[in-house]
Amino acid sequence: MAKAARRRILTTLLAVLAVLAVVASVAVVVRVLAPAEVETVARDPYPAAPAPTAGVIARLPVAPLVVDGRLRVYAGTRQVYADQPVTGRHRVTPFWSYRRWPATLVGVLAEGTTVVSRWSDGTLVALDARTGRVAWRADGPEPGSVPEPRRTYAGTVWDPAGLHVARTAAGRTVLLAAGPGALGGYDLGDGRRLWHVDIGRGCRTDVGTTASGELVGVDRCAGPAAVELRDAATGAVRTRWRPPDAPDQLVVSPVGCRDGHSGCRGLRTAGPGGENSRGWLVADPGEPTAAPGLNGPDTALDGERVVDTSGPVVVGRSPRTGEELWRRADIHPARVLAVEPGRVHLLTDRRELVTVDPITGATRSTSVLDLGRDGIAWRPGRAYAVDGYVAVERLRERARPEDDDQGYFLMAEPVLLAAT
């Protein structure tokens, strides 16, 4: 074969090899960089719900979301995962896990056996807590800027930004997602979008949902700040209301909520520094009803009772009149740590967890929030309660918001989980 012909063949082979190398490298880049999700479902049977005795049951590095009284669900940068049993002393190998990439996880909530995760690209993914399988996906409003979570991810699972549920009068459970410029309502059962509303950017703040099935927001887009009550099933504004003598910079906080900021029976309005604090009931449709018993910032609402810790004793009051209904002089100076239906959890200065019945003031349980030799030289951070379980972050006594996590939290496992 002539030398020129051999050279042409060699050149052609080299060109083909170069093309194949480029194709292979592109395939690797696509495989590594393309959006992906990894669903690791449960291999073990769904656990039974335990009946633990009152007291601290676990020390954890991250904040748990107790689901169906059986699992603990956690958040990570790009992962939502669960372990069991709920009474396990430490976090263990995941019962199931769900990962997405490159989006980051910005919020998680649970309703029954459905765990909903919200991601930085706006995607909503619902998981069946019993198996970890994806139940549905939906495109939701992008959440916008979300504060960087601390290492416990307590804000992600206990206070997810712009993510709530509401139960309508017709019995439907609606998932509500809010973001800069948009709101959306979704059927929790199948993820079907029920409505979408475009809103002004930077002039509206979502607050939570009411027990009567409304989404609460503070709207500043068309004048002085006003409370907006929107039908969770349709997205239509039912009521636009401004408290008497309300300050221009109106701050609204939900109280008496069934879970997180969802299913709330009351609101507290105030100025940016807490001045002119006023309490209101929102259990029924229409304008909020004045609740003088809720005016104080050191009060908590459960149903038709207010628990007031502002004085030297703990007092139960009527929210509508402020009338004293019971008092507990035997509880040391205390603060409300968390509230759930039928239980108000108090934390004393001795780090005793005292759970009282809000109707009668009777003690349901009491225990010291301590495990091993950890001690009680700490102050509480974020806290959460559901189904008789209470979890709380333990901070260093002199911790400041600007401290890094090592200087902020008491130890590597700063979260205590207790049964009441």
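Given a Förster radius of 41 Å and the C-beta distance between residue 44 and residue 304 as r, what FRET efficiency does 1/(1 + (r/R0)^6) yield to the nearest 0.05?
Working: r = 42 Å, r/R0 = 1.03.
The formula returns an efficiency of 0.45 here.
Below 8 Å, C-alpha to C-alpha, sequence gap of six or more: please give me the relative contact order for the chain in percent.
Result for the chain is 11 percent.
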Residue 104 paired with residue 368, simple spin-label distance in nm, labels 7 Å along Cα-to-beta-carbon: 4.0 nm
Over the chain: helical MRE at 222 nm, DSSP H runs n ≥ 4 each giving -39500 (n - 2.57), nearest 500: -3000 deg cm²/dmol
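Evaluate the charge dipole of the chain about its Cα centre and quote only its size in Debye, nearest 20, assuming +1 on the Cβ of each Lys and Arg and -1 on the Cβ of each Asp and Glu. Before the final figure, lay out the partial values.
On the way: 52 positive and 47 negative charges, 367 e Å.
Its charge dipole is roughly 1760 debye.
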Distance from the range 281-355 to the range 368-420 (C-alpha centre basis), Å: 22 Å
Computed label-point distance, nm, for sites residue 113 and residue 187 using a 7 Å Cα→Cβ extension: 2.0 nm
Gyration tensor (alpha-carbon) shape descriptor, the chain, a/c threshold 1.5: prolate
Three-way shape label, the range 255-314, alpha-carbon gyration tensor, a/c 1.5: oblate
Order of exposure, largest accessible area first, which applies to 111, 352, 324 with probe 1.4 Å: 324, 352, 111
0 to 90° range, to nearest 10: angle between helix 3-33 axis and the chain longest Cα axis: 10 degrees
Largest to smallest accessible area among 332, 345 [probe 1.4 Å]: 332, 345
Residues with amide H under 5 Å from that of residue 71, placed H, sequence gap 5 or more: none
Pairwise centroid distance, computed over Cα atoms, of the range 198-268 with the range 69-107, Å: 31 Å
The chain: most fluctuating residue of 259, 44, 231 per GNM, C-alpha cutoff 10 Å: 44
Full-extension gain in nm, residue 404 to residue 134, via 0.36 nm per residue minus C-alpha separation: 93.7 nm
Probe 1.4 Å - accessible area at residue 359, Å² to nearest ten: 90 Å²
Gyration tensor (alpha-carbon) shape descriptor, the range 62-156, a/c threshold 1.5: oblate
Point-to-point label distance, residue 412-residue 53, nm (Cα→Cβ direction, 7 Å offset): 3.0 nm
Residue-level accessible surface for residue 354, protein heavy atoms, 1.4 Å, Å²: 10 Å²
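The values are calculated or read from the model by the stated rules, or taken from the named source; none is laboratory data. The structure displayed is predicted, hence computed values, not measured ones. Using ideal geometry, Cβ is built from the backbone for each residue, glycine included, and neighbour counts are taken over all protein chains shown. To get the accessible areas, we keep the full protein, side chains included, count just its heavy atoms, and leave off ligands, DNA and RNA. Shrake-Rupley method; radii C 1.70, N 1.55, O 1.52, S 1.80 Å.
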